[in-house]
Amino acid sequence: MGKRAEDKSGKWFGDYFIIDRNYDKQYTTAHYNYKCKCGETGIIDVRSIKDNICCRHHLVCKVCGKPASEDSHFYPAQQLCNRHYLQIVRHGDILAVEKMRTFGIIRKCDICGDTHHDRYYVWQKDGEMHGKTLCGKHYNQMCSKNKITDPTPSEHLPRKKWTKGEEQELRDMWLKGVPVLELSKYFGATECAVSSKAFDIGVSKEIVKPNNPKFKAIYQDYDWCFERFINRGMSMKEMAEEAGASLRVIQKWCQEVHDLDARSYKKYKTISEKQKQLMMFGLLGDGHIDRREDQPMYIESHAENQKDYLYWKWSVLKDLCNKEPIYYPPSEHTFGNDKKYKCQAHYRLCTRIIDALKPIRGMTKSEIIDQLNEFGLSLYMLDDASCCNGYWEICVASLTAKEKEKFLKILQERFQIIGRIRKDTRYIGFGKSNSDIISQIVLRTIPNNLDIVQRKILKNMELC
């Protein structure tokens, strides 16, 4: 059997007088009820008695001055609080910024005379500030700058009470990247209060500031670049303006990192149903798709007096184009012959090279006529037809005889419009009642404020 521990009851050990032994089962070692010479009573373990340590009631940490009574894990033999004892064990020394006494000091800053701070510190590092009591503001300045940068006292603004509306406003402004200093002035709160509230509502986790090592710029995200460059058809200059970056940075990330360039645009760009119909039915009228095998791009030109009409088409195809329609002044062309032809001033629309245009280019005019709807009929009439005194007449010179017959048949079956081929077979004419149906279809499918609609339909209505 092990040796029974000696009973220490009725003896003095340093400042302790041992009254009797405490047999509470919660203790695994011998504990005694004691009375200190100052009158304090309590329970102490056998190890403290063995080391002849003075009364725990009088012990303070030799680094920060924290009383042992306020630290349940105080180390009396080392005279260190739990925090500084662990620093010595882990780092071999007290951390430099921790060598500040915060307990048992005069609550007045030696720099600004402030007496309203929650905590004061005694600066222990060597230098002119050694031994001076500092408020929290000047203590933080010394820790970060090693000098006093602003000797004025803190404003001690009252604690900010945030309303639901202010919290939502803070969330919106924080996500927009408004600096904390501006937010503090806007809400009338300290920078610390603003940052703390942003953390409480979870908004600080939703965005990472540029000075954070985990910061990831939006242009580093492949999906962000793909959405804008491919889906929206934005230029890299426009992307740079949105991202707040230089053009070179966007070019680097799109072309060198994400492999997004003209080739990938050509391959991955898709077209909407309205864009498809505009270009498909445009092939019946004034548009065409480049015949070069690997360079399918839609091209369409209109005279200067139809500028609004062309720009409306460009607005539909905007994400497929890299620039606005180009103006060409009046000129003369031979078109491969000796004879010169005068060309009036016009605007020319051209999309980028897109593989999705190949299936449209491969369609025959008969196949396009099969899909004719009100939108397609309106485009065809505005491109190649004229309206005089309320009567429509369309030029169908590019259609074969069979295609003309199919066109007339579909007009009658789908739109109850009856047309007749003129003596000059290049034209199809329509009577007054049928012309009125065509005009109504155009007016409900095409914006009425366009120059071509005003001239071909609305002005004719006024004259009639």
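A simple spin-label model places pseudo-atoms 7 Å from Cα toward Cβ; at residue 146 and residue 374 they are separated by 7.9 nm.
Less than 5 angstrom separates the built amide H of residue 417 from those of 412, all sequence-distant by 5 or more or on a different chain.
The Cβ shell under 12 Å around residue 246 holds other residues with a net charge of +2, Lys and Arg each +1, Asp and Glu each -1. When 248, 361 are sorted by how many other C-beta atoms sit within 10 angstrom of their C-beta, beginning with the fewest, the order is 248, 361.
In terms of distances greater than 26 angstrom between alpha carbons, the cross-link table entries 313/358; 276/365; 313/402 yield 313/402. One decimal place: the segment residue 405-residue 316 gains 28.9 nm when fully extended, by the rule 0.36 nm per residue minus the C-alpha distance.
The calculated FRET efficiency for the pair residue 364 and residue 304, based on their C-beta separation and a Förster distance of 30 Å, comes to about 0.40. Shape analysis of segment 286-346 places it in the oblate category; the axes a ≥ b ≥ c from the Cα gyration tensor give an a/c of at least 1.5, with a/b not above b/c.
Report the calculated FRET efficiency for residue 343 and residue 200 (r = Cβ-Cβ distance, R0 = 60 Å), to the nearest 0.05.
It comes to 0.30.
Does segment 164-205 classify as rounded, prolate or oblate by the C-alpha gyration tensor (a ≥ b ≥ c root eigenvalues; a/c under 1.5 gives rounded; else a/b over b/c gives prolate, otherwise oblate)? It is rounded, given that a/c, with a ≥ b ≥ c, falls under 1.5. Note that segment 325-340 has calculated 3J(HN,Hα) couplings of x, 9, 8, 10, x, x, 7, 10, 9, 9, 6, x, 10, 6, 7, 9 Hz, one per residue in order, obtained from phi through the Karplus relation 6.51 cos²θ - 1.76 cosθ + 1.60 (θ = phi - 60°); glycine and proline are x.
Here is the size of segment 218-267 from its Cα atoms: Rg then Dmax, 9.4, 28 Å. For segment 218-267, the relative contact order works out to 34 percent when only alpha carbon pairs closer than 8 Å and six or more residues apart are counted. Note on residue 163 and residue 217: their simple-model spin labels are 4.0 nm apart, each label 7 Å out from Cα toward Cβ.
Across segment 164-170, coupling constants 3J(HN,Hα) worked out from phi with the 6.51/-1.76/1.60 Karplus curve, θ = phi - 60°, read 4, x, 5, 5, 5, 5, 4 Hz, and Gly and Pro carry x. As a calculated quantity, the FRET efficiency between residue 334 and residue 227 at R0 = 35 Å, using C-beta atoms, amounts to about 0.15. Taking one quarter of the surface of the convex hull spanned by the alpha-carbon atoms of segment 322-387 gives a direction-averaged projected area of 7.4 nm². Using C-alpha pairs below 8 Å separated by at least 6 residues, the relative contact order for segment 281-398 is 30 percent.
Given C-alpha coordinates of segment 365-463, what is the ratio Rg to Rh with the Kirkwood estimate of Rh?
My calculation puts Rg/Rh at 0.94.
Averaged over residues, the count of other Cβ atoms within 10 Å places the peptides 402-408, 329-335, 69-75 in the sequence 402-408, 69-75, 329-335, highest first. Distances between placed amide hydrogens fall under 5 Å for residue 59 paired with 68, all partners being 5 or more residues away or on another chain.
Only the coordinates and a few stated rules stand behind these numbers; no lab work does. Here the structure is a predicted model, which is why all the values come from computation and not from measurement. FYI the Cβ positions are ideal-geometry reconstructions off the backbone, even for glycines, and counts take in every protein chain you see.
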